[in-house]
1. Just one of (1) at pLDDT 95 or above; (2) charged (D, E, K, R); (3) exposed (fewer than 12 other Cβ atoms within 10 Å of the Cβ) trips up Lys78, so point out which.
2. Quick one: in segment 64-94, of everything that is of a type in the set (Lys, Arg) and part of a helix (DSSP H, G or I), which residue is nearest to Ala23 (Cα to Cα)?
Amino acid sequence: MDDAPIIICYDGSNGARDAITAAASFLAGRHAVVLDVAPVMTVAESYAAFAPMTPSFDELNREDAMTRARAGAELAHKAGFDAEPRADAPPRPGTTSSRSARRSRPR
């Protein structure tokens, strides 16, 4: 069996939960990275964007993504994977910073 880790993209949906169960039927025992990618902008942030001063939601979005990734990793672990959670956030439009160099890892 291949020892390379697999990536499970997880968003907390029923489909994502079902996919973990289905993947475990033929990949259980493998190391899995469960990844949730935070949205560029949430619905609430789109409304806040019209305010005179807009706070930075990046850290909140990243923490929310890590919460989902942890839940997905727990499901993957119960399904038979050696799972670890990870979270990331895409760069906001108009920014030059790269978040992929600053990926969130479990604390």
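1. Only one criterion is unmet by Lys78, namely (3).
2. Step by step, filter segment 64-94, then rank; the result is Lys78.
The values are calculated or read from the model by the stated rules, or taken from the named source; none is laboratory data. Note that the coordinates shown come from a computational prediction; the quantities given were computed from them, not determined experimentally. Cβ sites come from the backbone with ideal geometry, for glycine too, and all protein chains shown count toward neighbours.
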